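For reference, the structure is listed below as structure tokens.
The values are calculated or read from the model by the stated rules, or taken from the named source; none is laboratory data. Since the model is a prediction, treat every value here as computed from it, not as a measurement. Methodologically, a virtual Cβ is constructed for each residue, glycine included, from the backbone with ideal geometry; neighbour enumeration extends over all protein chains shown. Accessible surface is based on the protein model in full, side chains and every heavy atom, while ligands, DNA and RNA are left aside. Shrake-Rupley method; radii C 1.70, N 1.55, O 1.52, S 1.80 Å.
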Amino acid sequence: MTNISELWSKSRMRLYDGQHSLNRCTLISSPEPNTRVCVLAMASSAKEDKRGFPGKCVAVIGAGVRYVSDQIVEFRQFLRYVRKVMCSMNWRSCCVFEAEGRAGGKLRSISHDGLIWDEGANTMTESEAAVRFLLDNLGLRDKQQFPLSQQKRYIAKNGVPVLLPSNPIALIRSNFLSAGSKLQIFLEPFLWKNSDSLKGPDTEESVGAFFQRHFGKEVVDYLIDPFVAGTSGGDPESLSMRHVFPELWSLEKRFGSIISGAIQSKLSAKKGTTGESSAKKKQNHGSFSFLGGMQSLTNALCNELGKDELKLQSKVLELSCSCSENSPFDNWSVSYELDNKKLSCEKSFDALIVTAPLSDVKQMRITRRGSPFLLDFVPEVSYLPMSVIITTFKKESVKRPLEGFGVLIPSKEQKNGLKTLGTLFSSMMFPDRAPNDVYLYTTFVGGSRNPELAKASRDELKQIVTSDLRQLLGAEGQPAFLK
Ligand SMILES: Cc1cc2nc3c(=O)[nH]c(=O)nc-3n(C[C@H](O)[C@H](O)[C@H](O)COP(=O)(O)OP(=O)(O)OC[C@H]3O[C@@H](n4cnc5c(N)ncnc54)[C@H](O)[C@@H]3O)c2cc1C
């Protein structure tokens with residue numbers, strides 16, 4: 001990858017912690033990304049803050065969940081990165097520009113005819129202090145909704161859902177993996193293989209290759225593959241281990257074996273356990289959503305913004321920086337489209353945070369002192385297509401309903417006729433999301449496994465989802481509702 005920080009500092013604009021923010025775009029072999037996150041922060045340099053600048057006026061482009069800050073849930077690196085940006089920015093006031101008529105971006109909860117479903121993220125976790133801070137301060141604690149039986153998760157094997165053992169001991173005791181794979185896990189501290197192909201610390205290795213070196217092919221096929229497909233739509237062979245699982249990557253660098261590294265880290269963490277960290281642990285109950293769905297989070301954030309601070313239906317077209325060599329401060333102006341008219345924002349900004357998808361960012365015209373500022377160092381990212389299909393079935397039509405979170409489908413199970421990536425048991429997790437007499441399911445189709453299926457017709461998607469749910473849960477007949 002190009003040396004982004006160098007390019008950025010040459011232009012007197014800084015990409016804060018650039019490596020972290022671009023991590024999630026880094027790929028190994030294919031142009032299919034794990035996810036499409038890239039946030040560009042353009043701000044004046046740190047030395048300017050030391051001159052006693054009173055606080056910055058910040059423009060945020062894109063009102064998805066990433067927009068204000070620390071709330072993005074499972075993207076730990078992103079959280080660290082944003083916190084750093086916010087601290088360094090000394091934020092005074094902000095203005096959020098959003099192209100659509102609503103804030104939330106991919107977080108969208110729909111309420112229809114007694115049903116509530118999410119079209120983007122369905123749950124989040126509270127593993128970061130920043131998330132806890134937000135929940136406490138946005139008054140969201142009362143709205144937090146924890147899924148029933150969330151520890152019950154299933155993976156399809158030989159065409160049927162099998163309960164996933166909830167911890168390594170249970171895994172070894174269960175029949176989920178063959179005796180050979182269990183032995184390989186047990187002996188991993190002695191048998192794990194170094195990678196011959198990795199020449200330097202920055203060399204990429206795929207998620208699949210990494211786990212195969214440690215735990216063997218069956219673990220990759222039946223644990224890693226469905227997990228990766230269910231969380232990112234990607235596949236283990238095209239994702240970079242270093243960027244998707246940074247903690248495990250560095251565990252190997254420190255200890256070699258993942259198992260003994262995990263045990264040693266846990267033991268040393270236990271030694272240093274303080275009252276505060278055990279209190280944190282108590283608060284962390286796993287995944288959760290909110291009454292009314294995940295969009296309650298972005299709605300609560302929007303309520304924190306003043307009337308003039310959120311500009312909806314305002315698609316940013318141009319960003320220009322008028323900073324001069326002699327001026328200590330950057331000065332950004334923003335032009336946007338509203339009702340088919342191009343407008344210039346009357347305010348100017350000391351800093352920008354661009355959270356829009358990279359493909360949208362590349363369509364913006366960015367200039368510095370009148371000259372185009374090219375984002376040619378930003379990697380090409382193509383986005384994985386995915387369809388989310390919501391169905392309901394009358395309870396009496398579902399012959400083998402399962403309690404729990406949902407079922408994931410390994411790619412290998414396509415040979416057993418299963419074509420979806422996985423299904424969340426939405427009304428099993430959150431009974432208030434559907435009337436008492438129906439089950440509500442959220443099914444994902446497409447991703448890198450079957451990108452063409454994501455774009456299939458409604459009838460084809462209906463047929464695929466209905467067939468998988470019939471095989472997995474005994475859902476007979478046609479869904480009572482499909483969206
Ligand atoms: C089906 C699905 C399931 C998921 N499940 C999970 C999960 O379980 N857990 C999890 O953590 N994550 C999950 N995710 C990922 C998570 O939902 C997204 O990563 C996150 O919502 C992205 O937020 P964002 O703010 O980066 O981008 P977006 O939500 O895409 O927001 C970007 C915003 O920028 C706006 N914009 C674009 N161009 C411009 C412009 N020129 N001017 C102004 N505004 C502009 C867009 O309109 C949009 O509102 C899931 C995603 C999907 C699609």
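Overall size of the range 432-472 from C-alpha positions, given as principal axis extents largest first: 35, 19, 18 Å.
Taking the protein heavy atoms of the range 383-483 in the context of the full set of protein chains, the accessible area attributed to carbon and sulfur is 51 percent at 1.4 Å.
May I ask you to list the residues of the range 382-415 whose amide nitrogen lies under 14 Å from a point 7 Å from Cα along the Cα→beta-carbon direction of ASP459? Output list for this probe position: empty. Note that the range 242-250 has calculated 3J(HN,Hα) couplings of 4, 9, 7, 10, x, 5, 5, 4, 6 Hz, one per residue in order, obtained from phi through the Karplus relation 6.51 cos²θ - 1.76 cosθ + 1.60 (θ = phi - 60°); glycine and proline are x.
Approximating the spin labels as points 7 Å out from Cα along Cα→Cβ, the ASN436-to-VAL160 distance works out to 3.2 nm.
Computed packing ranks the peptides 291-304, 136-149 as 291-304, 136-149, most packed first, by mean other Cβ atoms within 10 Å. Each residue of the range 352-358 was assigned a 3J(HN,Hα) from its phi angle through the Karplus expression (A = 6.51, B = -1.76, C = 1.60, θ = phi - 60°), giving 10, 10, 9, 10, 5, x, 4 Hz with x at Gly and Pro. In terms of its C-alpha gyration tensor, the range 387-483 has a prolate overall shape, because the principal axis ratio a/c (a ≥ b ≥ c, square roots of the eigenvalues) is not below 1.5 and a/b outweighs b/c. Here the accessible area of the range 167-280 is 62 percent carbon and sulfur, with a 1.4 angstrom probe and all protein chains present. Summary of packing: across the peptides 433-442, 365-374, the per-residue average of other C-beta atoms within 10 Å ranks them, highest first, as 433-442, 365-374.
The fraction of all Cα pairs in the range 167-280 landing in successive 10 Å bins from 0 to the largest distance is 13, 40, 34, 13, 1, given as whole percents. Scanning residues 5 or more positions from LYS315 or on other chains, those with amide H under 5 Å from its amide H are GLU337, with H placed 1.01 Å from N in the peptide plane.
Heavy atoms of the protein chains alone define the surface here; on that basis the range 167-280 has 54 Å² accessible area per residue at 1.4 Å probe size. For GLU204, no residue 5 or more places off, or on another chain, has a built amide H under 5 Å of its own.
Packing-based ranking of 347-354, 461-468 yields 347-354, 461-468, ordered from highest to lowest mean Cβ neighbour count within 10 Å.
Close amide H partners of MET386, meaning residues 5 or more places away or on another chain with modelled amide H under 5 Å apart, are GLY447.
Distance cut-off 19 Å, Cα to Cα: go down the list LYS412/LYS455; LYS395/LYS419; LYS157/LYS412; LYS307/LYS347; LYS315/LYS483 and report the pairs above it. Among LYS412/LYS455; LYS395/LYS419; LYS157/LYS412; LYS307/LYS347; LYS315/LYS483, the Cα-Cα distance tops 19 Å for LYS412/LYS455; LYS395/LYS419; LYS315/LYS483. Using the Karplus relation 6.51 cos²θ - 1.76 cosθ + 1.60 with θ = phi - 60°, the per-residue 3J(HN,Hα) values for the range 435-450 come to x, 4, 8, 10, 9, 10, 10, 10, 10, 10, 10, x, x, 6, 5, 9 Hz, with x marking Gly and Pro. Length gained on full extension, PHE481 to ASN194, computed as 0.36 nm times the residue gap minus the Cα-Cα distance: 98.2 nm.
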